Amino acid sequence: MNPKKTIYLILLLFLFLFIGCQKPPQSSYKSFIKVKVKRVIDGDTVVLENGERLRYAGINTPEIHTPSGIPQPFALDAYKLNKELTEGKTFYLELSLRKRDRYRRLLGELYFENGTAVSEILVREGLAFVCYYPGSAKYYEKYLPLQREAIKKRKGIFSLLDKQPQNIIYIGNKSSKRFHHPKCPNAKKVKRKIYFKSLEEALLKGYCPARGCFDLIFSF
């Protein structure tokens, strides 16, 4: 055999062996757990067959249960879609970096067999806000472009944007990426402020309604 060809084959074999010994990137070690949804609580929370409550990471849907007893706009729509998509069905669960919230609910994402996420559908239909949470930046970045598309198409809750009042300056918190109506009690406490001339501007920039301020923001 030609000496040059022999050296080439040896080098090629060494290369294959070297590549074969390399570990795949850490991202390929993602832990997916097969789970079954027992029942749906609201638009972004379900109860799994083992009794654990799962909160979808990186999104927030309008609340069904409120102090006034009146569901927030599109809360029931989000609940019904979540129920239709998940109840009694089996999914692949991916837990977020922060695995539980302060209420001890699991935090993560449910995926269908084809790789589509439940949250993806809720966001595309304009029935969920994309919100930043510690440990869920991955989902925030993934779904923000889908929210912007839903805003553009005026789907779901974003259909209300055409009714938004004029001349209101909303106050955003750069640290939490939440925004407040100027009359919200916590608006004055924000230290790292950013101002938005409209709801649409705040949402397009990736800010979501502050907890406890939703009714003031969408009171039109």
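The table below lists the values:
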{"item": "Total residues in region 123-151, condition out of contact with any Leu (no Cβ under 9 Å at 6 or more places or on another chain) and either among the polar types (S, T, N, Q) or under 17 Å from Asp42 (Cβ atoms) (or both)", "result": "2"}
{"item": "Close pairs (7 angstrom Cβ cut-off, 6 or more residues apart or separate chains): over 14 Å from Val37 (Cβ atoms) and free of Cβ contacts under 8 Å to residues at least 40 places away in the same chain in region 109-126, aliphatic (A, V, I, L, M) and surrounded by fewer than 23 Cβ atoms within 10 Å (Cβ to Cβ) anywhere", "result": "Glu120/Leu146; Arg124/Leu146"}
{"item": "Unique residue being in contact with a Pro (Cβ under 9 Å, 6 or more places away or on another chain) and either modelled with pLDDT of 95 or more or not assigned by TED's automatic domain parsing to the domain that holds Thr45 (or both) when the list is Tyr111, Tyr170", "result": "Tyr170"}
{"item": "Number of the exception - Leu93 against (1) in a loop (DSSP other than H, G, I, E, B); (2) in contact (Cβ under 8 Å) with a residue 60 or more places away in the chain", "result": "(1)"}
{"item": "Residue, nearest to Cys131 (Cα to Cα), within region 166-205, restricted to residues that are under 25 Å from the mean Cα position of the chain (by Cα) and in a helix (DSSP H, G or I)", "result": "Leu203"}
{"item": "Residue list for region 181-220, filter: of a type in the set (S, T, N, Q) and surrounded by fewer than 16 Cβ atoms within 10 Å (Cβ to Cβ)", "result": "Asn186, Ser219"}
{"item": "Hey, Leu85 part of a helix (DSSP H, G or I) and surrounded by 13 or more Cβ atoms within 10 Å (Cβ to Cβ) or not", "result": "yes"}
{"item": "Condition broken by Ile151, with the remaining ones in (1) touching a residue at least 60 places away in the same chain (Cβ under 8 Å); (2) over 21 Å from Pro71 (Cα atoms); (3) in contact with an Asp or Glu (Cβ under 8 Å, 6 or more places away or on another chain) satisfied", "result": "(1)"}
{"item": "Lone unmet requirement of (1) in contact (Cβ under 8 Å) with a residue 60 or more places away in the chain; (2) more than 25 Å from Tyr143 (Cβ to Cβ); (3) among the small types (Gly, Ala, Ser) for Gly206", "result": "(2)"}
{"item": "Among the residues listed as Arg102, Arg154, the single one being modelled with pLDDT of 95 or more and surrounded by fewer than 20 Cβ atoms within 10 Å (Cβ to Cβ)", "result": "Arg154"}
{"item": "Matching residues, region 55-90, being of a type in the set (A, V, I, L, M) and touching a residue at least 24 places away in the same chain (Cβ under 8 Å)", "result": "Ala57, Ile59, Ala75, Ala78, Leu81, Leu85"}
{"item": "Any chance Ser119 is surrounded by 13 or more Cβ atoms within 10 Å (Cβ to Cβ), in contact with a strand residue (DSSP E or B) (Cβ under 9 Å, 6 or more places away or on another chain), of a type outside the set (A, V, I, L, M, F, W, C) and outside any helix (DSSP H, G or I)", "result": "no"}
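The values are calculated or read from the model by the stated rules, or taken from the named source; none is laboratory data. Note that the coordinates shown come from a computational prediction; the quantities given were computed from them, not determined experimentally. Please note: Cβ atoms are built from the backbone with ideal geometry, for glycine as well, and neighbour counts cover all protein chains shown.
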